[in-house]
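Below: one structure, written as structure tokens.
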Amino acid sequence: MAEIVHKLKINGMTCGGCSKRVTTALNKALWVIDADISHETGKGYITTLTDVSIDRVIEIVNSTGYHAIEI
């Protein structure tokens with residue numbers, strides 16, 4: 001199974017609860033293999049199956065109340 005790592009800048013996270021909220025939302029998607037989200041750096045590294053677009057990943061992050069862009 002091929003994988004890809006999506007790199008995001010996530011604005012608006014201020015605490016560990018914020019990064020946990022984003023991580024939990026991402027992990028609900030069956031195509032997410034791993035989500036490493038840090039409120040300290042404001043970055044996220046999300047490993048998905050290769051056929052998943054960055055737009056789908058960003059959509060999930062934005063649905064949690066934060067703003068993500070690809071880096």
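The values are calculated or read from the model by the stated rules, or taken from the named source; none is laboratory data. Bear in mind that the values here come from a model prediction, so they are computed numbers and not experimental data. Cβ: placed from backbone, ideal geometry, glycine included. Neighbour counts: every protein chain shown. For accessibility, only protein heavy atoms count, side chains too; no ligands or nucleic acids. Shrake-Rupley method; radii C 1.70, N 1.55, O 1.52, S 1.80 Å.
Conditions tested, residue by residue: (1) out of contact with any helix residue (DSSP H, G or I) (no Cβ under 7 Å at 6 or more places or on another chain); (2) outside any helix (DSSP H, G or I).
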site	(1), (2)
Cys18	yes, no
Thr24	yes, no
Ala29	no, yes
Asp34	yes, yes
Thr47	yes, yes
Asp51	yes, yes
Ala68	no, yes
Task: Filter pass, Val5 being of a type in the set (A, V, I, L, M), touching a strand residue (DSSP E or B) at 6+ places or on another chain (Cβ under 7 Å) and loosely packed, with under 13 Cβ neighbours inside 10 Å - done: yes
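Conditions tested, residue by residue: (1) hydrophobic (A, V, I, L, M, F, W, C); (2) at pLDDT below 95; (3) open to solvent by less than 60 Å² (accessible area, probe 1.4 Å).
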site: Met13; (1), (2), (3): yes, no, yes
site: Lys20; (1), (2), (3): no, no, no
site: Asn27; (1), (2), (3): no, no, no
site: Ser38; (1), (2), (3): no, no, yes
